[in-house]
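Remarks on the structure that follows.
The values are calculated or read from the model by the stated rules, or taken from the named source; none is laboratory data. Note that this is a predicted model, so its numbers are computed, not measured. Because the Cβ atoms are built from the backbone with ideal geometry, glycine has one as well, and the counts that use them run over all protein chains shown.
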Amino acid sequence: MLIRRITCARALPLSIPMATSPLFSHLKPFSPSSSLPPRVPSSSRSFPFSSLASASPSKPSSKRANPPIAALVEVGGVKIAKDDVVRESDPTNNVPDNIFSKIGLQLHRRDNHPIGILKNAIYDYFDTSYSSKFVKFDDLCPIVSVQQNFDEVLVPADHVSRSYNDTYYINADTVLRCHTSAHQAELLRDGHSYFLVTGDVYRRDSIDSTHYPVFHQMEGVRVFSPDEWEGSGADATSYAAMDLKKCLEGLARHLFGAVEMRWVDTYFPFTNPSFELEIYFQERWMEVLGCGVTEQEILSRNGRKDCVAWAFGLGLERLAMVLFDIPDIRLFWSTDQRFTSQFSEGKLGVKFKPFSKFPPCYKDVSFWISDSFTENNLCEVVRGIAGDLAEEVKLIDNFTNKKGMTSHCYRIAFRSMERSLTDDEINQLQWNVREAVQNKLHVTLR
Ligand code: PHE
């Protein structure tokens, strides 16, 4: 089957020599609500909908919110058909059309795009500081096995990130990677000791100006052999932790200049100890990346028993938003010349000039929720209808009546980054959202 082939396919490193949501760090590893769904959801727990891009068949929409979707994309020389990724009738699949449409776009490989410019600036730092020893991968297929995405980096079986509510599953064993850490183990097994992996990652999430279900991460891993720390006077873990901090402080200075920094202890399943680096920038503390000393088990399982290593992962959008003054994460996907023409290769930190600001239009939707209702599912429905015209979905009212029924009211902000929307268009979108919310989420509109 094609998926198998895709899953196994590996791209070559380049011949020329990081807004991520805190999915792994801020969630308690064993929170009571994090119980694992069955690998194949049973019908009673099954995902409430599969593909969401189709608007109401009974009401023709005047304008398409979503552009047409190519049926075949190519990543690292591998062809991926829409049917391989989006399967409406399969209860183990929760990938909507609009997510498939992002596969293969690879913003991080465009030298004139803020995400590509930032990637290249980070490459420059590593090339200069480590005489081009870091091998770079930026074309690895985002379709990975559950084993790669979770098991091989020791994500506990009951970790919330494995749920169908948080991750896009192609089937019970295959996902769209939710972090670039999915490639760590395989690259270690291949014998790499210095590597950077950049790629698009996919997470089901809320809708606002800093969250988008597809974003870009860069992962870095460095492995040390015993002769590197022996004689330093430090134990292996402290040696790696010190080296890691020095390296990443240098990276932060390279990108942000002489900023104040602080290290915060955190938790990741794959590193111990684990840290977050924060910088004081534009009058607030901002998280820049997550990192730590690689769990020994990952090294020993992958043929590097006597070694020690560090790893970091950073969200490129989060950093690019502050470096380029980009106010809304949807803009990264804009093909509008007025956006794309403002950036050019090698120019990190050119400030984005908003070309116009169209007013948002707010619409409320209220309903009695069911037990299976989640906000991520609602956001998926809204994105399926409105695409990037959905700017924010916010809970504005929540109450439970005497009968124990819970009502939620969400305010949806519709706004285009590129043009003004007509009243008709917004009413049509809202009408379609109400219909889809009712049909797909099994809630009762009020
Ligand atoms: N994979 C982590 C995330 O997505 C980031 C990370 C990578 C943390 C490597 C530590 C080491 O949140």
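Across the stretch 107-137, the qualifying residues are those that are of a type in the set (A, V, I, L, M) and assigned to a helix (DSSP H, G or I), and the one among them that is nearest to residue 197 (Cα to Cα) is 122. Just one residue in the set 280, 267 is within 30 Å of residue 147 (Cα to Cα), of a type in the set (Phe, Trp, Tyr) and in a strand (DSSP E or B); that residue is 267. Scanning the stretch 164-218 for residues that are more than 15 Å from the ligand (Cβ to nearest atom), of a type in the set (Ser, Thr, Tyr) and not in a loop (DSSP other than H, G, I, E, B) gives 169, 174.
Does residue 252 fit the bill of being more than 13 Å from the ligand (Cβ to nearest atom), touching a Leu at 6+ places or on another chain (Cβ under 7 Å) and not charged (D, E, K, R)? Answer is yes for this residue.
Conditions tested, residue by residue: (1) out of contact with any strand residue (DSSP E or B) (no Cβ under 9 Å at 6 or more places or on another chain); (2) of a type in the set (Val, Ile, Thr).
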{"site": "297", "(1), (2)": "yes, no"}
{"site": "303", "(1), (2)": "yes, no"}
{"site": "308", "(1), (2)": "no, yes"}
{"site": "315", "(1), (2)": "no, no"}
{"site": "318", "(1), (2)": "no, no"}
{"site": "326", "(1), (2)": "yes, yes"}
{"site": "330", "(1), (2)": "no, no"}
{"site": "337", "(1), (2)": "yes, no"}
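Among the residues making up the stretch 219-229, none is within 16 Å of the ligand (Cβ to nearest atom) and surrounded by fewer than 17 Cβ atoms within 10 Å (Cβ to Cβ).
Taking residue 378 as the residue in question, decide whether it is touching a Phe, Trp or Tyr at 6+ places or on another chain (Cβ under 7 Å), over 20 Å from residue 359 (Cα atoms) and crowded, with 19+ Cβ neighbours inside 10 Å. Taking the combined requirement at face value, the residue satisfies it. Among the residues of the stretch 335-369, the ones that are hydroxyl-bearing (Ser, Thr, Tyr), surrounded by 13 or more Cβ atoms within 10 Å (Cβ to Cβ) and at pLDDT below 95 come to 0 in all. Taking the conditions (1) of a type outside the set (Lys, Arg); (2) over 19 Å from residue 110 (Cβ atoms); (3) within 16 Å of the ligand (Cβ to nearest atom); (4) under 18 Å from the mean Cα position of the chain (by Cα) in turn, residue 310 satisfies each one other than (4).
Filtered by the rule that a residue be over 23 Å from residue 199 (Cβ atoms), buried (at least 20 other Cβ atoms within 10 Å of the Cβ) and within 13 Å of the ligand (Cβ to nearest atom), the stretch 264-292 gives no residues.
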